[in-house]
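Bear in mind that the values in this text are calculations on the coordinates, not laboratory data. Predicted model only: the values in this text are computed from it and were never measured. Here the Cβ positions follow ideal geometry from the backbone for every residue, glycine too, while neighbour counts run over all protein chains shown.
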């Protein structure tokens with residue numbers, strides 16, 4: 001089963017990943033980390049302040065461990081790029097959701113259209129709407145840390 005784990009972002013929504021070259025390198029680096037945890041990326045994309053990943057998650061590692069290591073390793077890596085990136089850090093939380101096999105193509109296409117999509121729809125609004133639509137309870141204090 002394909003899963004759509006990490007949806008993680010910058011805590012204050014800063015646009016550290018605004019440079020497309022850095023953003024693409026970050027996505028490639030995340031794919032490498034996922035492979036190390038037996039999780040093959042199908043697609044990784046996002047915009048300057050958040051990333052979405054569609055991947056097949058490992059059966060050997062817990063979702064929380066995979067995401068923790070993806071965030072930890074990618075944060076350490078990007079800080080080596082210097083400049084303002086030396087202050088980079090992901091938010092503490094993340095969203096992880098399962099995707100049925102029949103929806104993989106649709107989710108992949110959605111992820112690949114992030115830049116276009118977020119010109120029209122605010123990320124926070126969209127995420128709240130998603131959680132509410134699927135009956136997922138959340139505490140606003142902990143969603144954006």
- line: Simple spin-label estimate for residue 106/residue 22, 7 Å along Cα→Cβ, in nm, reads 3.5
- request: Given the peptides 131-142, 78-89, 102-113, 57-68, arrange them by the average over their residues of other C-beta atoms within 10 Å, most packed first.
  value: 57-68, 102-113, 78-89, 131-142
- prompt: If R0 is 35 Å, what FRET efficiency do you get for residue 76 and residue 131 from their C-beta distance, rounded to 0.05?
  reply: 0.75
- prompt: Between the stretch 27-50 and the stretch 94-145, what's the alpha-carbon centroid distance in Å?
  reply: 17
message: Modelling each spin label as a point 7 Å along the Cα-to-Cβ direction, I'd like the residue 35/residue 59 distance in nm, to one decimal.
response: 2.2
statement: Residue separation between residue 116 and residue 68 times 0.36 nm, minus their alpha-carbon distance, gives in nm 14.5 nm
message: Report the gain in length on full extension from residue 140 to residue 87: 0.36 nm times residue separation, minus Cα-Cα distance, nm rounded to one decimal.
response: 16.6 nm
